[in-house]
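For reference, the structure is listed below as structure tokens.
The values are calculated or read from the model by the stated rules, or taken from the named source; none is laboratory data. The structure displayed is predicted, hence computed values, not measured ones. So basically every Cβ, Gly included, is an ideal-geometry build from the backbone, and we count neighbours across all protein chains shown. Please note that ligands, DNA and RNA were not included when accessible areas were found on the heavy atoms of the full protein model with its side chains. Shrake-Rupley method; radii C 1.70, N 1.55, O 1.52, S 1.80 Å.
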Amino acid sequence: RRALRLEVASDRRREPGAAAAAVEAGHAVKELTLTRFAYTPDGTLGRMGPYCTLEEEWQDNRPNVSCIPTGTYRCERRFYNRGGYWTFEVTGVPGRSAILFHVGNRETDTAGCILLGTRCGVLTGADEETGVRRPHLAVLASRAAFDDWFASLAGEDAFTLHVVDYEG
């Protein structure tokens, strides 16, 4: 088994999102916190309530290949055309758009988005760079986790997302 490499980079600056404006305007907005606990070559692992999350590695917030910076963001309900289902989009990320919560298992499924699972685990598949089959960190039971998470937001058109690094 490969050991997780926990790395908290100091250059992940907090970027303010649009959520603060909604709160100041007097709208009650549900708040969720995604706490990242491992930055690995297989992606960035975190927890959001009872769910495990997987994002891309930190790559200076580059679109489609990086996790987003820590900070507070407004998430808005929208239809995910490629997936064919409703989800939420993270808005207010500098230089980025179309960052969705969606179903998937490995970093290769993220494209800069956030995957949800009931638990973290390992799946075997081809390495993106070498093509050699190897174990990869993953989120498991993603469809079940996503459906449960989305149902918990029934009636919500938006929520505030706080993305933080684990400090402990």
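Points to keep in mind about this one:
- Taking segment 63-81 as the range and being touching a residue at least 12 places away in the same chain (Cβ under 8 Å) and assigned to a loop (DSSP other than H, G, I, E, B) as the test, the residues that pass are PRO63, ASN64, VAL65, SER66, CYS67, ILE68, PRO69, THR70.
- Segment 155-168 - residue that is farther than 17 Å from LEU45 by Cβ and among the small types (Gly, Ala, Ser) and, of those, surrounded by the most Cβ atoms within 10 Å (Cβ to Cβ): ALA158
- Looking only at residues of segment 76-131 that are crowded, with 20+ Cβ neighbours inside 10 Å and aromatic (Phe, Trp, Tyr), we find that the one that is nearest to the chain's Cα centre (by Cα) is PHE101.
- Hits in segment 141-154 - residues which are open to solvent by less than 80 Å² (accessible area, probe 1.4 Å) and either free of Cβ contacts under 8 Å to residues at least 40 places away in the same chain or over 15 Å from the mean Cα position of the chain (by Cα) (or both): ALA141, SER142, ALA144, ASP147, ALA151, SER152, LEU153, ALA154
- Residue within segment 121-134 that is touching a Ser or Thr at 6+ places or on another chain (Cβ under 8 Å) and under 23 Å from GLU31 (Cβ atoms) present: no
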